[in-house]
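Contents: one structure, followed by commentary.
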Amino acid sequence: MKWEGNRESDNVEDRRDDGGGGGGGGGGGFGGRSIGIGTIVIALVGSYVLGVNPLTLLNLLSGGSGDLGAVLQSGQQGRGQQQGTEQGSRAPASDQATRFVRTVLADTEDTWSALFRAQGQTYVKPKLVLFSGSTATACGTGQSATGPFYCPADQKVYIDLSFFKLMQQRFNVSGEFAQAYVIAHEVGHHVQNLLGYSDKVDQARRNASQSQANALSVRLELQADCYAGVWAFHANEARSILEKGDIATALSAATAIGDDALQRQSQGQVVPDSFTHGTSEQRVRWFTNGIENGAIERCNTFEARRL
């Protein structure tokens, strides 16, 4: 991926030396509806450590039933407390990994600002927070174990850069564009928040059965994958960022974290009603849809007959 020398975003907050953060919500849990792409990975890794079915962990981390789910959901209470726990912002470090994140974020800013402007709208740029261990968010206490995530309550993307090492070690997925895909997916959740999709899904989930709520989550996640592809299409058109093999690494990442792939690995069978992020094939298809067409309207998973 060609990125060095491109613009770097100033909308990055570095909390990595803060020693972890509390606040926000229920003790040590993470609440909020938009669960990060890393949650699937952590559910799988946690299953090895705890001897628990990763689908059980994934359901709990996604706000499903159970004691842990209640703790995680209690983080919603932190929305009104965030102002008292907001941590100070300082300039991020200048190492290559940090510069890469700032550059990818800047690229998403440029792309989405132009796309929103073309529709007569204004793109509100999200903040990206670098942290280590845990940190306060408006959705509760964010943990490294959650992986990268987006909190709609404060419009911030949170990333512990150690996740990218975990992604390589556990799934053998590496490459800068695969990392950029992860960032772009979380920014995709921000775009959904701005366009009103997140609120509509939250409202619909309240009166839905567990399987119906899961199906809505799948459509939300697949749309974020498509938006990541839309970003890549326009970024490459404007700045020629893609190199040979880049798309393959992103597709490998999407394939590795499909619900069906995780279920087969953990329990030897697939249970579609428990899907929350989509199958490997679906995630690949929607990311590919975005990167081939670059059209926001082509990412409406909520009206798609075929996911």
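The values are calculated or read from the model by the stated rules, or taken from the named source; none is laboratory data. The model shown is predicted, which means the values in this text are computed figures rather than measured ones. Backbone-built Cβ (ideal geometry, glycine too); neighbour counts: all protein chains shown. Accessible surface areas use protein heavy atoms only, side chains included; no ligands, DNA or RNA. Shrake-Rupley method; radii C 1.70, N 1.55, O 1.52, S 1.80 Å.
For region 132-254, the fraction of 1.4 Å probe accessible surface lying on carbon and sulfur atoms is 44 percent.
The protection proxy used here, the mean number of other Cβ atoms lying within 10 Å of each residue, ranks peptides 177-189, 126-138, 199-211 as follows, highest first: 177-189, 126-138, 199-211. For a 24 Å ceiling on Cα separation, which of these pairs sit above it: LYS165/LYS200; LYS125/LYS165; LYS156/LYS200? Exceeds cut-off: LYS165/LYS200; LYS125/LYS165. The HN-Hα couplings worked out from phi for region 143-148 by the Karplus form 6.51 cos²θ - 1.76 cosθ + 1.60 (θ = phi - 60°) are 10, 4, 5, 7, x, x Hz, whole numbers, x standing for Gly and Pro.
Computed from the C-beta positions of ASN172 and GLN212, the FRET efficiency with R₀ = 41 Å rounds to 0.75. Distance between Cα centroids, region 130-189 to region 194-233: provide it in whole Å. Here the answer is 18 Å between Cα centres. Summarising the amide proton neighbourhood of ILE241: residues at separation of 5 or more, or on other chains, whose placed amide H is nearer than 5 Å comprise ASN236.
Across THR122, THR111, the residue with the most accessible area heads the list, and the full order at a 1.4 Å probe is THR122, THR111. Under the simplified labelling scheme, the SER240-ARG298 pair shows an inter-label distance of 2.3 nm, with each label point 7 Å from Cα along Cα→Cβ. Think of region 202-244 as a dipole: +1 on every Lys or Arg Cβ, -1 on every Asp or Glu Cβ, centred on the Cα centre; then among ALA208, SER240, LEU222, ALA208 lies furthest on the positive end.
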